[in-house]
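Encoded as structure tokens, the structure appears first; notes follow it.
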Amino acid sequence: MEQAMLARVLAVTSVDPVIGRDDDIDRIICILCRRTKNCAALVGPAGVGKTAIVEGLARRIAAGTVPEALVGARVAELDVGAMVAGTHWRGMFEQRLKDAIKKAEDSAGKLILFIDEMHMIVGAGDQRGGTGDAANILKPALARGRIRCIGATTTEEG
């Protein structure tokens, strides 16, 4: 997947151990293992450790201490800002996002998208009042359970 689409695949070697968030990580794992409604939202004030929970999930996946449905999965952060950057023609952003969604769908649940600051996807990529914003493009795949996704936002923005 292009660097512009995914900011990074969370690498265990660069992630510090997560302390005291086991219950939160367990809950995320339970949600991700569902057949449908398998996306989670982490909402809380800035700095409370929402991203750390996702990094803790990535550590568990790498260690193999997850249910069979998540064994071999990867957690990748979707960088909406980078996807919008450099889109000179109408439809470029939409195509980039659709490509990322297709990559996640084709992975059979082995690519988990992480959208930090998920409130930013509302209106992202929307040009001239169209319906091409990221939220509307993501909604069908999320509603049908075709992709696994974790979003994070603050209580002020969420």
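Residues checked against (1) basic (Lys, Arg); (2) farther than 16 Å from residue 118 by Cα; (3) touching a Pro at 6+ places or on another chain (Cβ under 7 Å):
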position: 21; (1), (2), (3): yes, yes, no
position: 50; (1), (2), (3): yes, no, no
position: 53; (1), (2), (3): no, no, no
position: 63; (1), (2), (3): no, yes, no
position: 76; (1), (2), (3): no, no, no
position: 83; (1), (2), (3): no, no, no
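Residue pairs, Cβ under 8 Å, 6 or more apart or interchain, first in region 24-46 and without any contact (Cβ under 8 Å) to a residue 60 or more places away in the chain, second in a loop (DSSP other than H, G, I, E, B) and not hydroxyl-bearing (Ser, Thr, Tyr). List them.
25/18; 29/66; 29/67; 31/37; 31/38; 33/67
Any idea which residue in region 45-61 is surrounded by the most Cβ atoms within 10 Å (Cβ to Cβ), counting only those that are hydrophobic (A, V, I, L, M, F, W, C) and part of a loop (DSSP other than H, G, I, E, B)?
48
Out of (1) assigned to a loop (DSSP other than H, G, I, E, B); (2) farther than 19 Å from residue 108 by Cβ, the odd one out for residue 72 is which?
In the conditions (1) assigned to a loop (DSSP other than H, G, I, E, B); (2) farther than 19 Å from residue 108 by Cβ, residue 72 misses (2) alone.
When you scan region 13-22, do you find a residue that is under 16 Å from the mean Cα position of the chain (by Cα), surrounded by 13 or more Cβ atoms within 10 Å (Cβ to Cβ) and either modelled with pLDDT of 95 or more or part of a loop (DSSP other than H, G, I, E, B) (or both), even just one?
Looking for residues that are under 16 Å from the mean Cα position of the chain (by Cα), surrounded by 13 or more Cβ atoms within 10 Å (Cβ to Cβ) and either modelled with pLDDT of 95 or more or part of a loop (DSSP other than H, G, I, E, B) (or both), one finds none in region 13-22, hence no.
Just checking, which of 66, 122 is surrounded by fewer than 21 Cβ atoms within 10 Å (Cβ to Cβ), under 24 Å from residue 30 (Cα atoms), of a type in the set (Val, Ile, Thr) and in contact with a helix residue (DSSP H, G or I) (Cβ under 7 Å, 6 or more places away or on another chain)?
Values: 122 fails: under 24 Å from residue 30 (Cα atoms).
Every option except 66 fails the conditions.
The values are calculated or read from the model by the stated rules, or taken from the named source; none is laboratory data. Please read all numbers here as calculations on a predicted model, not as lab measurements. Reconstructed Cβ throughout: ideal geometry from the backbone, glycine too, with neighbour counts over all protein chains shown.
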